[in-house]
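Peer 1: What follows is a single structure, and I will ask about it in a moment.
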Amino acid sequence: MVIPITLMSFNTQHCMNYLTKAIDFDCFVEEIRLCNADIIGLNEMRDKGESKDYQEQTKILADKLGYDYYFAKAIDFDGVDPYGNGIISRFPIVSAETILVPDPEVRAYNGYYETRCLLKVRIDVCGGLDVCVTHFGLNPDEQKNAVDTVLANISDQRCVLMGDFNLTPDNRLLDPIRERMYDTASLFAQELLSFPSDAPKKKIDYIFTSCDIKVLRADIPGDVVSDHRPHIAVIESICGRG
């Protein structure tokens, strides 16, 4: 049996409605439903902390959708407020881990530095699917460490990698990932950009798949929900072979 699975990469800016500037879980749930997304990688998610606005955001979205979930903490802001990546899935998550991206030993640039992580889960669908979600830093030395972390943890079969890479498609730092994985944006009929959502100027959000996965279509819908537009890709999954 062949079933389509819709993937979504979505930087939510901690579930803040881009138009109203308020935390608005329902508008994100509505967008996920509109895209019929089955597995959603989430960036810039908060979890329960000491500050009032730090709630279990990944769990809240998952509960509203009836999905499974996992939150991967990259950092505690001010030492008390967890922040990182999340995933919600229509299918059960059978294992999950948080892999920290090493901080550069010496900060070679004057930009903002922040500890990042790679979320990795195994999802119980059609024999199993590995899904990795990440959010790269802003500086090239952080980004190089993130690429190395990705390459050490992705699989060459039944694997998806998605997130906000803070890199445009022409950046050579993406070359080692493209050597092992398929960039679903290759299916775009025309150039599609993802940031900022109201008037996008660049594409920094990605969905990659291992080369054994058939990708049926990909898109960046022109919806203004977060400060990033969502990136979606539909893959073909074959169940019940043999």
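The values are calculated or read from the model by the stated rules, or taken from the named source; none is laboratory data. Please read these numbers as outputs of a predicted model, since none were measured by experiment. Positions of Cβ are backbone-derived with ideal geometry, glycine not excepted, and every protein chain shown enters the neighbour counts.
Peer 1: Spot the failing condition for residue 62; the list is (1) of a type outside the set (D, E, K, R); (2) within 21 Å of residue 136 (Cα to Cα); (3) within 18 Å of the chain's Cα centre (by Cα), and only one is missed.
Peer 2: (2)
Peer 1: Give me the pairs, please: first residue somewhere in the stretch 5-22 and assigned to a loop (DSSP other than H, G, I, E, B), second residue anywhere and among the basic types (Lys, Arg), beta-carbon distance under 9 Å, and either six or more positions apart or on two chains.
Peer 2: Filtered contacts from the stretch 5-22: 14/46; 15/46.
Peer 1: So the check is Cβ under 8 Å with 6+ separation or different chains; which pairs have a first residue in the stretch 186-214 that's free of Cβ contacts under 8 Å to residues at least 24 places away in the same chain and within 30 Å of residue 239 (Cβ to Cβ) and a second one that's surrounded by fewer than 14 Cβ atoms within 10 Å (Cβ to Cβ) and among the acidic types (Asp, Glu)?
Peer 2: From the stretch 186-214, the pairs are 214/236.
Peer 1: Any residue at all in the stretch 38-54 that is surrounded by fewer than 19 Cβ atoms within 10 Å (Cβ to Cβ) and within 22 Å of residue 220 (Cα to Cα)?
Peer 2: Checked the stretch 38-54: no residue is surrounded by fewer than 19 Cβ atoms within 10 Å (Cβ to Cβ) and within 22 Å of residue 220 (Cα to Cα).
Peer 1: How many of the residues making up the stretch 49-99 are over 20 Å from residue 146 (Cα atoms) and aliphatic (A, V, I, L, M)?
Peer 2: Final tally of qualifying residues: 8.
Peer 1: Give the number of residues within the stretch 102-118 that are of a type in the set (Asp, Glu) and surrounded by 23 or more Cβ atoms within 10 Å (Cβ to Cβ).
Peer 2: 0
Peer 1: Report, by residue number, each residue of the stretch 1-42 that is closer than 20 Å to residue 235 by Cβ and polar (S, T, N, Q).
Peer 2: 6, 9, 36
Peer 1: Do we find a residue being on the phi < 0 side of the Ramachandran plot, without any contact (Cβ under 8 Å) to a residue 12 or more places away in the chain and not hydrophobic (A, V, I, L, M, F, W, C) anywhere in the stretch 40-53?
Peer 2: Within the stretch 40-53 (the criterion being on the phi < 0 side of the Ramachandran plot, without any contact (Cβ under 8 Å) to a residue 12 or more places away in the chain and not hydrophobic (A, V, I, L, M, F, W, C)), the answer is yes, since at least one residue qualifies.
Peer 1: Every residue in the stretch 57-101 that is part of a strand (DSSP E or B), of a type in the set (Val, Ile, Thr) and under 23 Å from residue 207 (Cα atoms), please.
Peer 2: 87, 88, 93, 94, 98, 99
Peer 1: Kindly provide the set of residues from the stretch 89-101 that are surrounded by 13 or more Cβ atoms within 10 Å (Cβ to Cβ) and of a type outside the set (Asp, Glu), ordered by number.
Peer 2: 89, 90, 91, 93, 96, 98, 99, 100, 101 - these are the residues of the stretch 89-101 that are surrounded by 13 or more Cβ atoms within 10 Å (Cβ to Cβ) and of a type outside the set (Asp, Glu).
Peer 1: Since residue 121 meets every condition but one in (1) surrounded by fewer than 22 Cβ atoms within 10 Å (Cβ to Cβ); (2) more than 30 Å from residue 20 (Cα to Cα), which condition does it not meet?
Peer 2: (1)
Peer 1: Still on this structure, please answer the following. I need the full set of residues from the stretch 193-242 which are farther than 18 Å from residue 174 by Cα, modelled with pLDDT of 95 or more and among the aliphatic types (A, V, I, L, M), in order please.
Peer 2: Residues satisfying the conditions are 199, 213, 215, 216, 218, 220, 224, 225, 232, 233, 234, 235.
Peer 1: Still on this structure, please answer the following. Restricting attention to the stretch 1-35, which residues are among the polar types (S, T, N, Q) and within 18 Å of residue 160 (Cα to Cα)?
Peer 2: Once the filter is applied, which keeps residues that are among the polar types (S, T, N, Q) and within 18 Å of residue 160 (Cα to Cα), the stretch 1-35 yields 6, 9, 11.
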